[in-house]
Every structure is written in structure tokens, then in C-alpha cells.
Amino acid sequence: MKSASSDTSAIGPRLTLAFVVLVLLIAVGNGLVLWQFQTARLQTNRLTSAQQQLSAAFQLQVNLLSFHQTLRDLSDSTNARRLSAETVALRKTLSDEGLHIKTALASLPANTTVDPALLAIMESIQATLPAQLEAINALAISDDWPTIQRRLRSELPPLERQTSELVARIDLRAREELAQAQARMRRVQNAVLIIVPATAIGSFVVAAILGWSVVRRIVELRLETRVSERTRIARDLHDTLLQSFQGVLLRFQAAVIVLPDRPAEAKQVLEHAIDEAADAITEGRDAVHNLRLASGAADDLAVAIGSLGKELTAMSPDGTTAPAAVDVSVEGTARNLHPLVRDEVYRIAGEAVRNAFRHANAQRIEVEIRYDDRRLRVRVRDDGRGIQPAVLEGDRPGHFGLPGMRERAEIIGGRLTVWSEGGLGTEIELTIPAAAAYVRSRPRSALFAGRTGAYL
Amino acid sequence: MSVSSDRIRILSVDDHPVVRGGIATLIATQPDMTLVAEASNGREAIEQFRRHRPDIGLVDLQMPDLNGLDAIVAIRAEFPDARLIVLTTYEGDVQALRALQAGARGYLLKNALYKELLDTIRAVHAGKKAISPEMSYELAEHAMDDALTTAEVDVLRLIAGGKANKEIADLLSVTEATVKGRVKNILSKLGADDRTHAAMIAVKRGIIDWR
């Protein structure tokens, strides 16, 4: 607990390392799986492309064959009128089918290549067949049927041959693609089968280690707090009650020794002892107050400070002066405070209230607790005579004075500001950032409370 | 100054004004004693001893600045025949042992001060050694105990300071495993249930000084 900045270092390097490893493991595992999926997607694309090209080539072949068949039938019929009518329909079919195939090839997945021969054959069909039709049509009108039949026999078969060769080639490529894709997909499958369980098991193990370390760290931190808290209480007791009573006992003993011969001196010694005993009771009360708070009995800061004020008012130093009134107000919704912060805030504010009572001769003391979203602010104002040097230096046993208050404020990550002017009273302001002051959520504080109970 | 030279000249060292006041009052009742100086920490104690050369020094152990034990060592180094009596609140046997080894001639618990202080001053002034009866029981109780090593005491001090094993390892420049080993030894030697218990025992027996 050296400073507020040690909050992050308190996590410890081992915990940080475990956390980083966990995050890396999850990231790398998921990255590998995504990479495998990408590979699989590429394979699917290539397969789709091969299959679409194949179907386009088949369609081309079928179109060509049916075109040829129709023309042959027409030329056999030797009916020029019918041939003329049919060629118009054939030309339309031809251009429609060409467009259809082009569209299919254009919509192939990215990164796939189209067999150049397919496009070339398509181009040549598109370019030559309309002219052929024109020529046949012209021959039909002049009734030259033998020439038509000869042309059909000599010019169409080469195109058909090219097309069927193309179909065979594309079919072969598609088969190869399929075989390759199957092999690759099997590899992807195997990789995913290894990566996913490995990532899951690895993450689980590291997460378990992390969780275990976190629990251990929490227990350690609670223990540390507990140990230093007990040490502090012991010190408080030693500094106040015990020392004072031993001093008083020595005076009593001195009084006993001188009583028979010098009763007047004995009386003086006893009077002094009584004064010191009264002071010791006051200091003891303060120490007990701190103990009570450390035990967690006073959860509400305002209630704790209020009851301290009441007690101080009730035991006002002498009957002659009117006791000061302590007024505690709360602004904003009260939030759960970290136990250590709560205790320290109570001690600092309590010390300020006590100073106002004992040294400032104040009539009115105002304590204002403000729960802000960004910070906790506690102000203690009095209308007394300002701060005395003894309080500033903090040299009274059992009290930590202003330097001690500042030091305590810094330990819990806060800041203490003091305004004081002779005759105009004193105001101290303690501010602690929200992150250091508030317990973030209820479930977490409940968990902590449970842990404390279980381990201590 | 024949009168004052007959008296036992005393230096009182304690950081608590109430205790110093009590001691002064008690000594003032004794015709054969006189309080020559007071000090509120170890450093002042050494200065005052040098200046006044008292017959007896009453030294509190727990003090800010320079603690009583270190003051005793320093004073005895400079004045080997200095007669010093330890005053302490704690019954810690280890602390008593250290004080006696450092050369203290008397060891008084503060809760017995009002009864035993005057007799102890006279006894030590006469050249005897004097230890509170309670204290001698405590010393006997642990006389046969396995003493903690210096390294273990260092670890114990940090445990009581609220440090975790890892931090202790960093502070002492040893591995965490070493610290764990030492903690185990400490728990077994002190018969402690856990770290907190060990820290409490350490403070009680005066193995560590929590100031």
C-alpha cells in the first residue's frame, strides 16, 4: 500500500502474463480457424467456377447440335419459305443463348479463370453462324438445295468437333479441381478438428490458472490488509492508552511514597496523575473509535462521523464553555466505499473534527460528504480560531496532525487541502477520485465479503 | 557538589512525555537519586549520555528516529561500562535477548515499572543484573526454541508489513520459492497457523519491531 498507483502493479506480473497468454491463445486459435474457413471458401469458388464453365460448354454444344439438326431437317424439306421463317427464329435463339452463356461466365466467383478456348469458340460461333444463315437463306431462295446440304456438311462439323473437344477438356479440368478440392477440404477438416479442441483446451487451462491466481491474489491482498490493519491497531493502542496509564501509575507510586511524610506534595502528584488519566481516557476513546470502525461495524461514513460528533459533544472538556454543534450533511447518493478508504476517510475527517473541538474553540462544525460520479469529497468546516502550530506539526502522541492527515489522504489516492485563517475558522477538503473510492458493483463487493469470511 | 555525586545520576529516554513525567516524579521522591537529563529518541539519548555521563540510563525500546536497541549498541560502543536499563511495553523474549546481548544490564516491563523501577536502578547501580520476573519466565519458555535466521526475520518483518510473497521476493532479491520456503520455516518455528498469526507472534515476542 505504498501509493494509489500501486493498484495496477498489485495485480502482479504472473497474473498479467497469464491474461496476455489467454488473450493470445484465443486470438491465434480463432485466427487459424478463420484461415481454414477462407481456404475452404476458395475451394468452393473454384469448384463452382469449374462446374459453371462445364455447364456453359455443354449448353454451347447442345445448342450447336440442335442448330445443325434443325438446318439439316430444313434443307431436307427443300421448303424455302419455311427455311426463311425458321432462320429468323434460329438467329434469335442463337443470340439469346450466347448472351445467356456470357452472363453465366461473367457471374463466376472471383479469382477463377475461364478457359480461353470456351470464349474463342463462342466468339467464332457468334461471328460465323449468322452469316451462314444468311448465305443458306439466299441459296434457299434460289432453290440451290444441293449447295446448302454441301455447305452444312463441310462447315458445321469442324465447329461441333471443337466444341466437343472443349467440353471434354473442361470436364477433365473440373474433375481435377474436384479431386484437388476434396483433398484440400479433408486437410481443412483435419486442421479444424485439431485447432478447435486445442484452442478450447489451452484457453480453458490458462483461464483456470488465471482464475486460480486471481483468487489467490485476492486472498493475499485481504491478508495483507488484515495484517497491516492489526499492526496499526496495536500501534494505536500502544501509542495512546498503555503508555499513558504507565505514566499515570508511576505518578501514583510516587504519591504513595511521599504521602506519609509530605502529604501536600502527594496531593499535587495525585492531581497531576488525575489530569493525565483524564487525557488518557480521551485518547483511549479515540483509539476505540478507530477499532470499532476497523471492525466494519460503522458502514455508513455519515453515521460514523455523526456519532463521533455526538460523543465529543457529550464529553465537552469542561462545563464552562458551550459544546460545539456538529452538523453532518450528505450530498448525492451514498455509494459503497472501499473498506480501507472508508476507514481512512473516517479517521481523517474524525481528526479534523477533534482538532476543531480541542484546539479551535469552535462553536459550529460542519461536515459535508459529497458522493460525486467522479469523486468523493469530504469537507470539514469550523468557525474556530484557526489552526494551532502544535496541530500543524502533529507532535502529540496518538494524533497524526495535518502532515499525517495529508499522508493518509495520499495513501488512499486522495488529496487534502486546508484553508485556515486566524479568527475565521478552518476548512479542510478531502477529495478521492471515484476509481479509488467507490466499490464498483454490488455483486463484487458481496463476493469480496464472502471471501473475507471464508479465509480469515 | 558532594551531595549530587552521592546520588545515582539518571538519564531517562522515552518518546512518551507522560511516561517521562511519571519517571521524573517517581525519581524525585528518592533522596539517593537524581534525574540529570531526558531524551525522546535514540539520537538524543546518545547526545545526552555523552554530555551528562549518567550512572544509569533508562532506555525505551520503541522510539522513532533511532530505536532503543540501536541506541544501546551505540552508547555501549562509546562507553563500554555504561549501565543501561531497558524499559519496554512488550514481553517479547527475542527482543529482550537482543537487548541483553547488546549490553543492557536490566530489562523492565513498563507495567511493572511503578513497583520495580527504583529497586532495579539501585541493583544495576550496585553492579548487578536485573530482569523483570515475568521477562525471565518468557526467556526460559523459549530458551530451547529453534531461533529464526536473519533471513527469516527479514521475511517475517515484510509479512507483518503486509507484503505478499512476490513483493517480498522482489524486495529481498530472492526467488518466490525461496520466500515460500522461509515462510514455511517461520510458521513451523513459531508454531503459527498462518501468516497473520506469525506476524502477531513476531510482534508479541519482539522478533520484529513494528515501528
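The values are calculated or read from the model by the stated rules, or taken from the named source; none is laboratory data. Just so you know, these numbers come straight off a predicted model, no measurement behind them. Ideal geometry is used to build each Cβ from the backbone, glycine not excepted, and the neighbour counts take in all protein chains shown.
Here are the numbers for the structure shown:
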| quantity | calculated |
| --- | --- |
| Conditions (1) in contact with a helix residue (DSSP H, G or I) (Cβ under 9 Å, 6 or more places away or on another chain); (2) within 14 Å of another protein chain (Cβ to nearest Cβ); (3) at negative phi; number of the one not met by B:F79 | (2) |
| Contacts under 7 angstrom Cβ, first residue in the range A:77-90 being of a type in the set (D, E), partner buried (at least 18 other Cβ atoms within 10 Å of the Cβ), 6 or more apart | A:E86/A:L74 |
| From the options B:L87, B:L117, B:L109, residue that is within 11 Å of chain A (Cβ to nearest Cβ) and in contact with a Ser or Thr (Cβ under 8 Å, 6 or more places away or on another chain) | B:L109 |
| Residue match in the range B:26-34 (condition: farther than 18 Å from A:G247 by Cβ and out of contact with any strand residue (DSSP E or B) (no Cβ under 8 Å at 6 or more places or on another chain)) | yes |
| Residue that is more than 14 Å from every other protein chain (Cβ to nearest Cβ) and surrounded by 15 or more Cβ atoms within 10 Å (Cβ to Cβ), where the choices are B:L156, B:L148 | B:L148 |
| Subset of the range B:162-185 (residues that are acidic (D, E) and crowded, with 19+ Cβ neighbours inside 10 Å) | B:E167 |
| Residues being over 17 Å from B:Y114 (Cα atoms) and away from chain A (no Cβ under 14 Å) - total across the range B:20-38 | 2 |
| Qualifying positions in the range B:39-71 - part of a strand (DSSP E or B) and either aromatic (F, W, Y) or more than 13 Å from chain A (Cβ to nearest Cβ) (or both) | B:A39, B:I56, B:G57, B:V59 |
| Selection from the range A:312-330 of residues that are at pLDDT below 80, of a type in the set (A, V, I, L, M, F, W, C) and closer than 12 Å to A:I365 by Cα | A:L312, A:A324 |
| Residues satisfying the stated conditions in the range B:148-173, i.e. of a type in the set (A, V, I, L, M) and touching a residue at least 12 places away in the same chain (Cβ under 8 Å) | B:L148, B:A151, B:V153, B:V155, B:L156, B:L158, B:I159, B:A160, B:I168, B:L171, B:L172 |
| Any chance B:D15 is touching a strand residue (DSSP E or B) at 6+ places or on another chain (Cβ under 7 Å) and within 11 Å of another protein chain (Cβ to nearest Cβ) | yes |
| Wholly enclosed helices (runs of 4 or more DSSP H) of the range B:115-195 bearing at least 3 residues closer than 30 Å to B:L84 by Cα and under 19 Å from the mean Cα position of the chain (by Cα) | B:133-141, B:150-160 |
| Residues of the range A:157-177 that turn out to be at pLDDT 85 or above and among the aliphatic types (A, V, I, L, M), as a count | 2 |
| Number of the condition not met by A:E229 [criteria: (1) modelled with pLDDT under 70; (2) not in a helix (DSSP H, G or I)] | (2) |
| Exclusive hit being without any contact (Cβ under 8 Å) to a residue 40 or more places away in the chain, touching a Lys or Arg at 6+ places or on another chain (Cβ under 7 Å) and closer than 25 Å to A:F245 by Cα, set B:L84, B:L109 | B:L84 |
| Answer from A:I125, A:I136 - the residue that is assigned to a helix (DSSP H, G or I), at pLDDT 80 or above and either among the hydrophobic types (A, V, I, L, M, F, W, C) or surrounded by fewer than 14 Cβ atoms within 10 Å (Cβ to Cβ) (or both) | A:I136 |
| Selection count where residues are surrounded by fewer than 16 Cβ atoms within 10 Å (Cβ to Cβ) and among the polar types (S, T, N, Q), scope the range B:186-203 | 1 |
| Residue within the range A:102-117 that is loosely packed, with under 12 Cβ neighbours inside 10 Å and modelled with pLDDT of 80 or more present | yes |
| Residue match in the range A:243-257 (condition: outside any helix (DSSP H, G or I) and at pLDDT 90 or above) | no |
| Cβ pairs under 7 Å, 6+ apart, first in the range B:182-211 and closer than 20 Å to B:E138 by Cα and more than 9 Å from chain A (Cβ to nearest Cβ), second part of a helix (DSSP H, G or I) and of a type in the set (G, A, S) | B:I186/B:A198; B:L187/B:A198; B:L190/B:A198; B:A192/B:A198; B:A202/B:A160; B:G206/B:A96; B:I208/B:A160; B:I208/B:A202 |
| Test: residue in the range B:23-32 that is over 21 Å from A:L259 (Cβ atoms), among the charged types (D, E, K, R), touching a residue at least 12 places away in the same chain (Cβ under 8 Å) and in the same structural domain as B:V73 (by TED's automatic domain parsing) | no |
